[in-house]
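Have a look at the structure below before the remarks.
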Amino acid sequence: MPTQEFKDKVVVVTGGAKGIGRCIAEEFRSQGAIVYVIDRQEGEHFVGDISRKEELEAFAAEVLGRHDKVDVIINNALPLMKGIDECSYEEFQYALSVGVTAPFYLVKLFKSHLAEGASIVNISSSRDRMSQPQTESYTAAKGGIAALTHALAVSLAGKARVNSISPGWIDTAYTVYEGPDATQQPSGRVGNPMDIAHMVLFLCSDKAGFITGENICIDGGMTRQMIYHGDHGWTLEK
């Protein structure tokens, strides 16, 4: 039987209709939490675009119309990924709105309603420290939310703990990979949404009461493995 550690806790999840966000929402519900999701995808949640100030305000009003406190905020919604060759000014601004401005503003909207022992977890990415070509909008947004995390942790000291998670390769379809796709991670496999959800729930629990302002990279060790041309049969081709 699942524990009821989060019984009756009010949890807010952005981008919670599918993938990692949905897994996080389901895990909180399995432990007794009352979960509110905002997502652009149609469904039985609050349907809204978090890049729009008025839709964030309407979502917060709905939650606070039913509860006088919020225990957990998970900023998970996915920014747009486009590179410098194709990304327009407006698209870059949209990525930052979803990835940085909306998390900031949502926390601001709930700030005076945070419960004692509240926890905020921002979902960044291992791309906050490494890149592929043509990923500027996404990478900038993920770097921004990682930095926003420690700023909020200091500003909200005594009100909430604030941490971030940087996932590596997470296959939301739970595909099992073999060969180089798996072994390029020192852990020997590609990640799945439960790898992230487990850490989210830990960070929001009393067990993590001495952790705040931290970024935790969950990538199977991929960012820790140095790769040189010729190592282990790896070659650079251009």
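Against the criterion of being touching a residue at least 40 places away in the same chain (Cβ under 8 Å) and touching a helix residue (DSSP H, G or I) at 6+ places or on another chain (Cβ under 8 Å), Leu64 qualifies. Of the numbered conditions (1) surrounded by fewer than 13 Cβ atoms within 10 Å (Cβ to Cβ); (2) among the hydrophobic types (A, V, I, L, M, F, W, C); (3) touching a residue at least 40 places away in the same chain (Cβ under 8 Å), Phe210 fails exactly one; give the number of that condition. The number of the failed condition is (3).
Listed here are the helices (runs of 4 or more DSSP H) enclosed by region 95-195 that have at least 2 residues being under 13 Å from the mean Cα position of the chain (by Cα), surrounded by 19 or more Cβ atoms within 10 Å (Cβ to Cβ) and among the aliphatic types (A, V, I, L, M): 136-155. When the criteria are applied in full, Asp39 fails the requirement of being closer than 18 Å to Gly168 by Cα and charged (D, E, K, R). Per the conditions (1) out of contact with any Phe, Trp or Tyr (no Cβ under 6 Å at 6 or more places or on another chain); (2) at positive phi, the sole criterion not satisfied by Gly32 is (1).
So, in region 81-94, of the ones that are under 30 Å from Ser119 (Cα atoms) and of a type outside the set (A, V, I, L, M, F, W, C), which residue ends up surrounded by the fewest Cβ atoms within 10 Å (Cβ to Cβ)? In this case the residue turns out to be Gln93. Beta carbons closer than 6 Å, at least 6 apart along the sequence or on distinct chains, pair a first residue in region 193-205 that is of a type in the set (Asp, Glu) with a second that is not in a helix (DSSP H, G or I) for Asp195/Ile218.
Where a number appears in this text, it was derived from the coordinates with a stated rule and is not lab data. Note that the structure is predicted; figures quoted are calculated from it, not measured. In this analysis, Cβ positions are derived from the backbone assuming ideal geometry, glycine residues included, and neighbour counts consider all displayed protein chains.
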